[in-house]
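Structure, as structure tokens:
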Amino acid sequence: MTPQDSDPQRARAIALRALLRPLFLPLCLAGAGCLASQWLTIDVRAHGGWYGWLSSGLLAVGLYGSAQGICRPQTRGDLYRIVVAITFGVGVKAAFIAGVLWLSFPGSPEYLVLAVAMAQIDPLSVSAMLESRDMSPRAKSLLAAWASFDDPVTTVLVVILGSLVLKNSASVDTGTEDYATTMIGNLVLLAVAASVWAALREREPADSVPLPTLRRPQRVRRLLQYTALAALLAAATWQFLMLGLALSALFFRPALGAWLGRATNTAMVVATFLLGMLLAGGANLAVGAVLGVATFVAQILVASVVGLGYSRHDRAALCLSQQNGITAIILALLLEPGLPAAVAIVAPAILVVNGLHLTSTTLLTRCRGHRPPEPADAPQSSQVPSVLP
């Protein structure tokens, strides 16, 4: 075998591993959770209890990691596309998924909440596979920002719709009963975070400088930033002010280095393990399969519009980019007390979505014989900002 033959095979093997990784680890964690449920039990309580605090805390960490990794789009036109994707696009995806569920299983209005919970792209999975995806740098930048932005939007919509649709649910009793009070709380959190960051931010960024090597005033400032971030996450978890937290993450950015990615990955591990423990009671495969297929098709519909003006290959890659992970898992955990079928439906739906993504992306790669030329407006650099630092 010549080196020319081995290079494409090696590239395909790397791409396949990058695609399989988002499926392999969650399956192992969920399986471990199912086994652990034989000896451990979870008290899924709506008011108080470690389960409620833990699910809210995991969501806070996941949202901060997603929003903190938002990078500036490469062109002003891409900013417009992102706004369309996270407003009109999320609404269209949620409406389409809810419509399919309603036609398939009439008489279940609570499925609307699950439709919104699935109407986002997992930023962790996107970050893991971007380097191996054969897309233009501009399309990669759009997808990374899209996946980061739509998490906070869908989370807020789930909480609001949950408080309206699940009227007997206390799992969404997080201040949404008084919407005005909740919005005021989010604005207060945002204002406090802005004031604290204005006082503590470094005039000369030193993100790459290790903490021990900084001078004493800089080291004290950095430690105060970490303390303020911990207080911000605690306050958002306590009062469930996730919108204010997500907006704060756009500017409240201490130099965390690799620790932010580790914290987000840890939250994913814990959430998936809890998901497996709750799945020991069984999964609703029928509704989950329909939800997963509808979610994947909804992404195709929205991306075909958002991707107008891109190359045909980039549009195809954007259409097949739907993946679900940490946010959908944590939202299912959050909804479980008020909607006991949430985990049983969302878990197989995530598996279906990621399986469809893996299959369709592999087929797209095999059907494509050569790399198309970069678009004329694409930047020359192949470096793409990461969703998670």
- Neighbour-count ranking [beta-carbon atoms within 10 angstrom, fewest first] of TYR226, TYR80, TYR51, TYR111: TYR80, TYR226, TYR51, TYR111
- Note on the structure: Cβ density ranking, 10 Å radius, fewest first, applied to CYS34, CYS367, CYS28 yields CYS367, CYS28, CYS34
- Task: Output ³J(HN,Hα) for region 308-323: one whole-Hz value per residue in order, computed from phi by the Karplus curve 6.51 cos²θ - 1.76 cosθ + 1.60 with θ = phi - 60°, and x for Gly and Pro.
- Result: 4, x, 7, 5, 4, 5, 4, 5, 5, 5, 5, 5, 9, 8, 5, 9
- trypsin sites (Lys or Arg not before Pro) within region 96-168: DSSP coil, no more than 11 neighbouring Cβ in 10 Å: LYS167
- Note on the structure: Expected sort for THR154, THR266 with the fewest Cβ neighbours (10 Å cutoff) up front is THR266, THR154
- Note on the structure: In whole Hz, the Karplus estimates of ³J(HN,Hα) for region 340-354 (6.51, -1.76, 1.60; θ = phi - 60°; x where Gly or Pro) are x, 8, 4, 5, 4, 8, 5, 4, x, 5, 4, 5, 5, 4, 5
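Rule-based calculations on the coordinates, nothing more; no lab input. Because the structure is a prediction, the values reported are computed rather than measured. Note that we place each Cβ from the backbone using ideal geometry, even for glycine, and neighbour counts take in every protein chain shown.
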